[in-house]
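K.L.:
Handing you a structure now.
The values are calculated or read from the model by the stated rules, or taken from the named source; none is laboratory data. Quick caveat, the model's predicted, so the values are computed rather than measured. For neighbour counting, all protein chains shown are included, and Cβ atoms are generated from backbone atoms with ideal geometry for every residue, glycine included. SASA here: full protein model, heavy atoms, side chains in, ligands and nucleic acids out. Shrake-Rupley method; radii C 1.70, N 1.55, O 1.52, S 1.80 Å.
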Amino acid sequence: MKEDTVVALPRPGASVADDPLLMVLREGARRMLLQAIEAEVETFLSAHGSLVDEQGRRRLVRNGHAPERQIQTGIGPLEVRRPKVRDRGGAVGGEPIRFTSAVLPAYLRRTRNIEELLPWLYLKGVSTGQFEEALAALLGTDAPGLSAATVRRLTEAWQEEHERWQGRDLSSRRYVYLWADGVYFTPRLEHERQCMLVLTGADEQGRKELLAIEDGYRESAQSWRELLLRLRDENGLKLDPELATGDGALGFWQALHEVWPKTRQQRCWVHKVANVLNKLPPSLQGKAKQDLHRIYEAANRQEAEDAFDRFLAKYGSKYDKAVSCLAKDRKALLTFYDFPAEHWKHIRTSNPIESTFATVRLRTSKTKGCLSRQTALAMVFKLAKSAERHWRRLDGSQRLAQVIDGVRFRDGEPVQATEEQAAA
């Protein structure tokens with residue numbers, strides 16, 4: 001190292017946001033953001049380059065920049081200015097043509113990852129008054145827009161967003177499969193556990209989507225009935241889904257039979273395995289779990305039926321409660337064999353809901369601050385919508401058209417193809 005080399009050291013008490021490397025990253029990100037917006041403007045102007053006003057001049061021209069503003073990002077605040085475009089012929093040619101940046105919308109103040117971080121912190125137990133302190137290391141000590149009042153406004157906005165989302169039009173959509181579950185939370189300073197009724201669906205392209213999330217009274221038939229009726233009558237889901245997967249909560253199945261009577265039932269194997277094992281001594285649970293797996297992992301219905309009978313014979317003499325818990329839903333547990341084999345791993349459990357809400361449930365049970373039922377619903381809705389973007393599409397989505405057309409399946413294959421193969 002040369003004697004005249006100067007290395008800048010962090011100041012005592014400086015935050016992570018003052019790190020020289022982060023400063024370089026922020027400056028590079030700011031320049032890239034500006035370049036992307038400038039490219040958007042040039043593309044927009046080129047696309048409308050043939051338009052002229054009454055005097056023969058180009059109708060759309062650049063018109064300076066909007067005032068500089070800060071965008072809160074995961075690497076700290078970025079100062080940016082959005083270019084402005086002027087329409088010189090808007091008053092004569094009808095509605096003015098406006099430039100809207102897809103990279104930097106007009107009222108954006110924080111990036112999506114920051115928006116998603118706020119509900120996670122809230123559910124973790126960080127009170128609104130501590131948000132600025134908690135985020136100072138990431139966003140800088142002078143990060144604006146993260147006060148307690150701002151967070152309260154955000155929660156109110158999320159509640160309004162949830163209400164608008166509940167009233168969306170779904171009449172043009174067709175959902176082939178449904179997954180239903182009642183997810184329990186313990187809101188802070190509430191005496192009763194909160195039950196949220198969650199319904200997800202897979203459309204005809206195999207995309208999984210959150211259909212409903214509402215505050216219910218336990219898992220009563222009336223609560224589920226209100227939810228399903230709203231989806232059918234107000235949101236426009238008139239056609240019966242082909243299959244619904246859920247646990248043995250009688251409230252949902254009773255409501256489903258009344259609202260969509262043609263929808264077939266599949267009991268969730270994850271819930272069933274847990275319920276059966278709870279009725280067995282711990283010393284047997286490991287072996288019994290393997291025996292249960294052999295049932296729903298069988299290659300065809302006959303092998304599953306044989307494994308089912310072996311389980312009943314093996315444990316029936318001593319553990320009648322465990323056997324009865326399994327046997328009473330035998331038919332509904334094996335419904336998935338009447339659907340395409342590619343879909344089995346998706347439709348035999350309600351895992352699309354369980355995996356999403358497991359972490360949320362853990363956070364709400366450990367928090368200590370104040371969280372009302374309404375705020376909890378809004379928070380969980382935001383977290384679920386965030387997780388929705390990462391849900392996997394159904395394998396074998398091309399088979400969904402056959403399911404919709406009423407093609408019968410046996411052991412995962414179309415019946416006609418199976419019969420032709422046997423004849424050959």
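K.L.:
Return the pair list, or none, for Cβ contacts closer than 8 Å from residues in the range 351-362 that are farther than 12 Å from residue 270 by Cα to residues that are open to solvent by less than 20 Å² (accessible area, probe 1.4 Å) and at pLDDT below 75, at least 6 apart or on different chains.
P.N.:
Final answer for the pair search is 360/123; 360/185; 361/185.
K.L.:
Kindly indicate which of 85, 61 is surrounded by fewer than 15 Cβ atoms within 10 Å (Cβ to Cβ), at pLDDT 75 or above, assigned to a strand (DSSP E or B) and among the aliphatic types (A, V, I, L, M).
P.N.:
61
K.L.:
Only one of (1) open to solvent by less than 10 Å² (accessible area, probe 1.4 Å); (2) touching a residue at least 60 places away in the same chain (Cβ under 8 Å) is not met by residue 228, so which one is it?
P.N.:
(2)
K.L.:
Another question about this same structure. Residues in the range 370-422 that are open to solvent by 90 Å² or more (accessible area, probe 1.4 Å), at pLDDT below 80 and farther than 27 Å from residue 355 by Cα: how many?
P.N.:
4
K.L.:
What single numbered condition from (1) modelled with pLDDT under 80; (2) surrounded by fewer than 13 Cβ atoms within 10 Å (Cβ to Cβ); (3) in a helix (DSSP H, G or I) fails to hold for residue 26?
P.N.:
Condition (2) is where residue 26 drops out.
Condition check ((1) open to solvent by 60 Å² or more (accessible area, probe 1.4 Å); (2) out of contact with any helix residue (DSSP H, G or I) (no Cβ under 8 Å at 6 or more places or on another chain); (3) under 19 Å from residue 184 (Cα atoms)) across all residues:
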| residue | (1), (2), (3) |
| --- | --- |
| 216 | no, no, yes |
| 219 | no, no, yes |
| 244 | no, no, no |
| 258 | yes, no, no |
| 264 | yes, no, no |
| 270 | yes, no, yes |
| 277 | no, no, no |
| 283 | yes, yes, no |
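K.L.:
Can we say residue 336 is at pLDDT 95 or above, in contact with a His (Cβ under 9 Å, 6 or more places away or on another chain) and part of a helix (DSSP H, G or I)?
P.N.:
The answer is yes for residue 336.
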